[in-house]
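Have a look at the structure below, then the notes.
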Amino acid sequence: MSGDELDRRDLTPWLDCRHAHALMSQRLDEPLGTIPAWRLRWHLALCESCRRVREQLGLLGRATRNLGP
Amino acid sequence: MDPDALAALRPRLLRLARLQLRDEASAEDAVSETLLAALEQAQSFRGRSAVATWVVGILKHKIVDALRRQSRHTSLDADDPESPALIDGLFRPDGHRVAPAQDWGDPERLLGEAQFMATLEACLERLPTAQARVFLAREWLELSVAEVCKDSGHSATNVSVLLFRARMRLRECLETNWIAAT
């Protein structure tokens, strides 16, 4: 059944980098739900490249806020 | 308040206003209103911050007003058609990055580096209009997503997609033009 498949997919901790990038962007604008937040933590613990992107997306926001005279 | 000192800020204010509004006439109007308001409110300036910082604060308010007028009078900007393919190109079909993100070094140091900030501005100028308006409204004007939706006329889903694309493009632009060049 496709419904079962969907449920199982939602419960796996695995997240690919592309999905992790989208969640890292979303998190800068609104709190993530419990499950997406947990899956993202899991992914970040294992993925150095995504940890860098997390820092860099935060930096982009702070640097943009500093735009001034 | 020295009117000449205020007038000297005009080119910088115009550049910032153009970055956000993406429309010459609206940018000119917002800057003129800002300089006039600064002159009128000169007594309320207490010197807690530099004059330029205070004036940029006024400009941000004028720009929020201009954004609201823009969204009432103009149709919604469609996003540029090339962004989805550009973002697809960053990832392999299995969802991994084609090239791992590079280490940019200490964020605090980057924030203080004029060259980094100049490259960021150049990258912001190159963003497609719809992405730039939404990204700057969120991160420069510090509006909430709900406010950005209201002021831009985009749905929450659209705003979220535009912010994601803007962040991906900016990150790539900085990595290519600044990190790789230093």
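The values are calculated or read from the model by the stated rules, or taken from the named source; none is laboratory data. Since we're looking at a predicted model, the values are computed, not measured. For neighbour counting, all protein chains shown are included, and Cβ atoms are generated from backbone atoms with ideal geometry for every residue, glycine included.
So here's what we get for this one:
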{"item": "Residue count, the range B:92-123 (criterion: surrounded by 12 or more Cβ atoms within 10 Å (Cβ to Cβ) and touching a strand residue (DSSP E or B) at 6+ places or on another chain (Cβ under 7 Å))", "result": "1"}
{"item": "Every pair of residues 6+ apart whose Cβ atoms lie under 6 Å, when the first sits in the range B:1-26 and is outside the structural domain of B:Arg138 (by TED's automatic domain parsing) while the second is surrounded by 20 or more Cβ atoms within 10 Å (Cβ to Cβ) and not in a helix (DSSP H, G or I)", "result": "none"}
{"item": "B:Thr74 vs. criteria over 25 Å from A:Asp29 (Cα atoms), surrounded by fewer than 16 Cβ atoms within 10 Å (Cβ to Cβ) and not small (Gly, Ala, Ser)", "result": "yes"}
{"item": "Subset of the range B:79-89 [within 11 Å of chain A (Cβ to nearest Cβ) and either free of Cβ contacts under 8 Å to residues at least 12 places away in the same chain or touching a strand residue (DSSP E or B) at 6+ places or on another chain (Cβ under 6 Å) (or both)]", "result": "B:Asp88"}
{"item": "Verdict on B:Val159 being over 15 Å from A:Gly61 (Cα atoms) and at the interface with chain A (Cβ under 9 Å from one of its Cβ atoms)", "result": "yes"}
{"item": "When residues of the range A:56-67 are limited to those that are surrounded by fewer than 16 Cβ atoms within 10 Å (Cβ to Cβ) and at the interface with chain B (Cβ under 7 Å from one of its Cβ atoms), the one nearest to A:Ala22 (Cα to Cα)", "result": "A:Arg62"}
{"item": "Of all residues making up the range A:19-35, the number that are surrounded by fewer than 17 Cβ atoms within 10 Å (Cβ to Cβ) and part of a helix (DSSP H, G or I)", "result": "4"}
{"item": "The range B:100-144 - residue that is more than 9 Å from every other protein chain (Cβ to nearest Cβ) and of a type in the set (Gly, Ala, Ser) and, of those, farthest from B:Gly57 (Cα to Cα)", "result": "B:Gly105"}
{"item": "Residues of the range B:2-32 that turn out to be exposed (fewer than 14 other Cβ atoms within 10 Å of the Cβ) and either of a type in the set (Ser, Thr, Tyr) or under 16 Å from the mean Cα position of the chain (by Cα) (or both), as a count", "result": "1"}
{"item": "Residue list for the range B:152-172, filter: over 15 Å from the mean Cα position of the chain (by Cα) and either at pLDDT 95 or above or at negative phi (or both)", "result": "B:His154, B:Ser155, B:Ala156, B:Thr157, B:Asn158, B:Ser160, B:Val161, B:Glu172"}
{"item": "Checking B:Gly89 against (1) touching a helix residue (DSSP H, G or I) at 6+ places or on another chain (Cβ under 8 Å); (2) exposed (fewer than 11 other Cβ atoms within 10 Å of the Cβ), the condition it does not meet", "result": "(1)"}
